[in-house]
Amino acid sequence: MTMRKHVGARIHLYRKKQNLTLEQLALLIHKSPSTVSKYELGKISVDIDTLYDIAEVLNVSIEQLVDYKLKTVRDKADATGFFTLRSIYYMYQYFTPIKQPIVSALEIIPDPTQDDDRIMFYYDIHNTRDYTNANFIYQGRISYYDAFVTMKVINMFGGSIDEMFIYVKNPLWIRNTTTGLLMCQSMTLGNPVVTKVVFSTDVISDNEMLREFLSMYNKDLLNNLKKTNYVTLIDNWENKL
């Protein structure tokens, strides 16, 4: 994807999240609807003054519109582990009340000026091929350590009250999945919660296997909880593949 198309896709994404029609956005930035349409399709470039106007109307920063990544892999010489394989990962958690997994997408945006990177987190997506079409969109940072990574994200359109913290194992050997724990304030349950998650480089379609693995009610977890009073992350996902 070119820079021009990437910026256009971001404008389209944030316009939809603000519930603005193409015509409404055009009116607010003093452009014709056909011009805005060409911006979103990447047919023409957006001049810097107009880009600032669009960012102001959509209540986002310029950086959120131009967060274009030149490579699909993190560009850091000392990078190792699972989260250096791709720029897009899928996250799965199982929500028993609806009897199906919630699928989300993680987009890593390299930041060569920092030890950590920027991330966009698309929570509860409808289609893995169109992962930006999510019910909730978060932004934040991912920090890398030898054996794990941490992520902290904030809902872009929900304010600082809606935050997530994710702790994930970062295996050094080659594999397509890893596991972690997600902590957040559940809007559905009305309380802070911790849930088990799986990150994958590829789409996982076996819902029954996901349900069994991601369940917090299993013998191993309950035994460890009884012994230690800790919710312990037992990473045996690879054994199920």
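The values are calculated or read from the model by the stated rules, or taken from the named source; none is laboratory data. Here the structure is a predicted model, which means the values were calculated and not measured. Note that each Cβ is placed from the backbone with ideal geometry, even for glycine, and that neighbours are counted across all protein chains shown. With ligands, DNA and RNA removed, areas are computed over all heavy atoms of the protein, side chains included. Shrake-Rupley method; radii C 1.70, N 1.55, O 1.52, S 1.80 Å.
Checking the structure you have, find out if any residue of segment 155-178 is small (Gly, Ala, Ser) and open to solvent by 70 Å² or more (accessible area, probe 1.4 Å). Yes, there is a match, as at least one residue in segment 155-178 is small (Gly, Ala, Ser) and open to solvent by 70 Å² or more (accessible area, probe 1.4 Å).
Suppose we filter segment 222-237 for residues that are loosely packed, with under 10 Cβ neighbours inside 10 Å and either in contact with a Pro (Cβ under 6 Å, 6 or more places away or on another chain) or at pLDDT below 85 (or both); how many remain? Going through segment 222-237 one residue at a time, the tally reaches 2. Applying the set (1) out of contact with any helix residue (DSSP H, G or I) (no Cβ under 7 Å at 6 or more places or on another chain); (2) under 27 Å from Met209 (Cα atoms); (3) part of a strand (DSSP E or B); (4) of a type outside the set (A, V, I, L, M, F, W, C) to Arg86 leaves exactly one unmet item: (3).
So that you can scan it fast, the table gives a plain yes or no per residue for (1) over 12 Å from the mean Cα position of the chain (by Cα); (2) closer than 28 Å to Glu208 by Cα:
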residue	(1), (2)
Phe121	no, yes
Asp146	yes, no
Met156	no, no
Glu163	yes, no
Tyr167	yes, yes
Arg175	yes, yes
Leu181	yes, yes
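For segment 124-142, residues that are open to solvent by less than 50 Å² (accessible area, probe 1.4 Å), assigned to a strand (DSSP E or B) and farther than 18 Å from Thr179 by Cβ total 6. So which residues in segment 85-111 are among the acidic types (Asp, Glu) and open to solvent by 20 Å² or more (accessible area, probe 1.4 Å), if there are any at all? Across segment 85-111, the qualifying residue is only Asp111.
For segment 43-61, the candidate set comprises residues that are among the hydroxyl-bearing types (Ser, Thr, Tyr) and open to solvent by 70 Å² or more (accessible area, probe 1.4 Å); within that set, the residue that is nearest to the chain's Cα centre (by Cα) is Tyr52.
Pick from segment 62-83 the residues that are at pLDDT 70 or above and part of a loop (DSSP other than H, G, I, E, B): which of them is surrounded by the fewest Cβ atoms within 10 Å (Cβ to Cβ)?
Here the answer is Val66.
Considering Ile166, Ile161, Ile119, the condition of being in a strand (DSSP E or B) and over 18 Å from Leu233 (Cα atoms) is satisfied by Ile119 alone.
When segment 182-194 is filtered for residues that are open to solvent by 20 Å² or more (accessible area, probe 1.4 Å) and either among the acidic types (Asp, Glu) or assigned to a strand (DSSP E or B) (or both), the ones remaining, listed by number, are Met183, Cys184, Gln185, Pro192, Val193, Val194.
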